[in-house]
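Data block below; observations after.
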């Protein structure tokens, strides 16, 4: 009888986004809440962050509602999805190629794609340029 | 100071010995055991194959039979055939790979026999192995924030082949009964790319991710004491009559 075997979890390809002030170009850390459109669970709740990792769906579009200091924007990623084999012990996972990004302009000024390939090796894929709050916050 | 003195003496000795003429090379004596020690065919079963589960990741089982005979003094053509099954069941994947395999090759005995009935051998050998096998992924699961994705891959048939170099020994424990171990270095040869998923397990070889696999086998054998040479000799005599 073999000992209980331990297997690694399958890897995950996550899109990495960082936040910059659209006027100064400096990094900012808004309080953010993130949830996927159509889902009940929040991905991130009330966290002060200067960057975020987001999972994409296996469909060709993935839409998120993102609250930046209580100002909500919708961000939709249009992407190609490819199934990848890691190993027969850890299983399969998905990688993505970003095609374009649609977004609302409540807080987001613009989005720059730095690396359209979303792989299991996380790196900065996009930069979100956020308008500064009029009250003089971030 | 002492160290310096010793170093000097050592250097001096080395210089003196370098200058001396090389001693006369001893010629290796020719083998005197140029006779067939094992008459008939030896049949074996590998006792390690059913228990590979103990030292390999996943559930790997199998059985293997071997046949060899001493066709010329110290030369043993060998045929090995078996069946192996590999299952990997995790939270994310259920995989099965299975198939039968065969190897043929030759062993050369390095151990000089002390007398006519000394059948113990210490050998090196070469094998060519091949398998016609199949694999399938009964279910895979990809978990993410966006939900759980499941799928399966239907059965894929494939052919794979490899070469082996080996070293081992077989000792006679009772009359005609042998036991012995073999260490095998297996080198995978090129194989067709199946696409998704790639071949994971090659029966008889091991994990397909590796170009080289090391294996250990332990077998018990029985030498069928039928002297086919004597029989064929008798026949010739009958024809001459």
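Computed from the coordinates by the stated procedures, all read-outs in this text should not be read as laboratory data. The shown structure was predicted, so the numbers you read here are calculated from the model rather than taken from an experiment. FYI the Cβ positions are ideal-geometry reconstructions off the backbone, even for glycines, and counts take in every protein chain you see.
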Exercise. When the range B:78-94 is examined, which residues are found to be within 30 Å of residue B:143 (Cα to Cα) and part of a strand (DSSP E or B)?
Worked result: B:85, B:86, B:87, B:88, B:89, B:93, B:94
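Condition check ((1) more than 10 Å from chain A (Cβ to nearest Cβ); (2) under 30 Å from residue B:178 (Cα atoms); (3) in contact with a strand residue (DSSP E or B) (Cβ under 9 Å, 6 or more places away or on another chain); (4) in contact (Cβ under 8 Å) with a residue 24 or more places away in the chain) across all residues:
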| position | (1), (2), (3), (4) |
| --- | --- |
| B:101 | yes, yes, yes, yes |
| B:104 | yes, yes, yes, yes |
| B:115 | yes, yes, no, no |
| B:121 | yes, yes, yes, yes |
| B:125 | yes, yes, yes, yes |
| B:141 | no, no, yes, yes |
| B:152 | yes, no, yes, no |
| B:157 | yes, no, yes, yes |
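For every residue, the table says whether it meets (1) farther than 25 Å from residue B:92 by Cβ; (2) surrounded by fewer than 19 Cβ atoms within 10 Å (Cβ to Cβ); (3) more than 14 Å from chain B (Cβ to nearest Cβ); (4) touching a strand residue (DSSP E or B) at 6+ places or on another chain (Cβ under 6 Å).
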{"position": "A:8", "(1), (2), (3), (4)": "no, yes, no, no"}
{"position": "A:15", "(1), (2), (3), (4)": "no, no, no, yes"}
{"position": "A:18", "(1), (2), (3), (4)": "yes, yes, yes, yes"}
{"position": "A:21", "(1), (2), (3), (4)": "yes, yes, yes, no"}
{"position": "A:24", "(1), (2), (3), (4)": "yes, yes, yes, no"}
{"position": "A:30", "(1), (2), (3), (4)": "yes, no, yes, yes"}
{"position": "A:37", "(1), (2), (3), (4)": "yes, yes, no, yes"}
{"position": "A:53", "(1), (2), (3), (4)": "no, yes, no, yes"}
For this session: Could you pull out the residue among B:129, B:97 that is in contact with a strand residue (DSSP E or B) (Cβ under 7 Å, 6 or more places away or on another chain), on the phi < 0 side of the Ramachandran plot and within 14 Å of chain A (Cβ to nearest Cβ)?
Result: B:97
Exercise. (1) within 10 Å of chain B (Cβ to nearest Cβ); (2) over 12 Å from the mean Cα position of the chain (by Cα); (3) under 29 Å from residue B:209 (Cβ atoms): which one isn't true of residue A:41, the others all being true?
Worked result: (3)
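Can you tell me which residues in the range B:45-60 are touching a helix residue (DSSP H, G or I) at 6+ places or on another chain (Cβ under 6 Å) and more than 8 Å from every other protein chain (Cβ to nearest Cβ)? Walk me through how you get there before you give the answer.
Of the range B:45-60, the ones touching a helix residue (DSSP H, G or I) at 6+ places or on another chain (Cβ under 6 Å) are B:59-60.
Hit for the range B:45-60 is B:60, nothing else.
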Exercise. Hey, any hits in the range A:102-115 for a residue that's under 30 Å from residue B:140 (Cα atoms), out of contact with any helix residue (DSSP H, G or I) (no Cβ under 9 Å at 6 or more places or on another chain) and surrounded by 14 or more Cβ atoms within 10 Å (Cβ to Cβ)?
Worked result: no
Seminar exercise, completed: Scanning the range B:196-222 residue by residue, those away from chain A (no Cβ under 14 Å) and not in a strand (DSSP E or B) turn out to be B:203, B:204, B:205, B:211
